[in-house]
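Q: Let me give you the structure first, and then I'll get to my questions.
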Amino acid sequence: MIRELDGAEALARVGELAEVLRDCVEGGASVGFMLPLADGRPEAFWCKVAAGVAAGERHLFVAEDEAGRICGTLSLVTDMPDNQPHRADVSKMLVHRRARRQGVAERLLRAVEGKAGELGKTTLVLDTVTGSDASRVYERTGWQRAGDIPNYALMPEGAPCSTTYYFRHL
């Protein structure tokens, strides 16, 4: 099931959110964190996200498995500069390895796109590792590739990687 969390629920579920982030980084995902993950680093990140949700700066969607545990996340960041009220960023598509290849990423993406439309956003932007599984999801679901930036970030173990920017007009 896909649903949106409010700030209080996001804060209450920081442990589950941190588990998903930890699994993704340990599985090799370049999502802003390096190995080894410092104790408390994933939890601190999610506490900051929960504060952003509570402040109305972002919307956090989660996928829950049959047991009700969080197995995926995706955020819609709506705190944009004054000259970009029509735009939002899509951020931190994370799917736990136990839930991959089950359509979780696509369902999260559709939920975020729906929320963006409700909020009157007409342009969405995101980036992901060039050639990643996530890039294939974005392309399959109609996102437009804007271009690649070589050596943009590092993989969790330290190797450089390119990123690809995508956009979608709603």
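Q: Averaging sequence separations of C-alpha pairs under 8 Å and six or more residues apart, then dividing by the length of the chain, give the relative contact order as a whole percent. Intermediate values should be presented prior to the final figure.
A: Working: 309 pairs, mean separation 37.0, N = 170.
RCO, the chain: 22 percent.
Q: Another question about this same structure. Could you compute the longest span of the chain free of GluC sites (Glu not before Pro) located in DSSP loops and having at most 12 other Cβ atoms within 10 Å, not counting the site residues?
A: Values: sites that count: Glu66, Glu157.
With a cap of 12 other Cβ atoms within 10 Å, the longest stretch comes to 67-156.
Q: Could you put Lys92, Lys48, Lys115 in order, starting from the residue whose Cβ has the fewest other Cβ atoms within 10 Å? Could you put the intermediate results ahead of the total?
A: Values: Lys92 20, Lys48 10, Lys115 16.
Placing the least packed residue first, the sequence is Lys48, Lys115, Lys92.
Q: Of Leu5, Met80, Leu124, which is farthest towards the positive pole of the chain's charge dipole, taken about the Cα centre with +1 and -1 on the beta-carbons of Lys, Arg and Asp, Glu respectively?
A: About the Cα centre, the residue reaching furthest to the positive side is Leu124.
Q: Work out, step by step, the length gained on full extension between Leu154 and Asp79: first 0.36 nm times the residue separation, then minus their alpha carbon distance; give nm to one decimal.
A: Values: separation 75, 0.36 × 75 = 27.00 nm, distance 2.59 nm.
So the extension gain works out to 24.4 nm.
Q: Taking the Cα centre of the chain as origin, work out the dipole magnitude from +1 charges on Lys and Arg Cβ and -1 charges on Asp and Glu Cβ, in debye rounded to 20.
A: Details: 21 positive and 24 negative charges, 84 e Å.
Dipole size: approximately 400 debye.
Q: Another one. Specify whether the C-alpha gyration tensor of segment 75-170 places it in the rounded, prolate or oblate class, a ≥ b ≥ c being the square roots of the eigenvalues: rounded for a/c under 1.5, otherwise prolate if a/b is larger than b/c and oblate if not. Write down the numbers at each step before the final one.
A: On the way: a/c = 1.91, a/b = 1.28, b/c = 1.48.
Oblate, since a/c reaches 1.5 and b/c is not below a/b.
Q: Identify the chymotrypsin sites (Phe, Trp or Tyr not before Pro) of segment 20-86 meeting these criteria: DSSP loop state and at most 10 other C-beta atoms within 10 Å of the C-beta. All intermediate terms of the calculation are to be shown ahead of the outcome.
A: On the way: sites: Phe33, Phe45, Trp46, Phe61; in loops: Phe33.
In loop regions of segment 20-86 (DSSP not H, G, I, E or B), there are no sparsely surrounded chymotrypsin sites (Phe, Trp or Tyr not before Pro).
Q: Let me ask another. Only counting other Cβ atoms within 10 Å, I'd like Tyr166, Tyr138 sorted with the fewest neighbours first. Show your work: numbers first, answer last.
A: Details: Tyr166 21, Tyr138 24.
Result, fewest neighbours first: Tyr166, Tyr138.
Q: Shifting gears a bit: Report Rg/Rh for segment 17-73, rounded to two decimals, where Rg is the Cα radius of gyration and Rh the Kirkwood radius. Display every interim value, and only then the final one.
A: Details: Rg = 12.0 Å, Rh = 12.2 Å.
That ratio equals 0.98.
No value in this document is a laboratory result; all are computed from the given coordinates. These figures come from a predicted structure and were not determined experimentally. In this analysis, Cβ positions are derived from the backbone assuming ideal geometry, glycine residues included, and neighbour counts consider all displayed protein chains.
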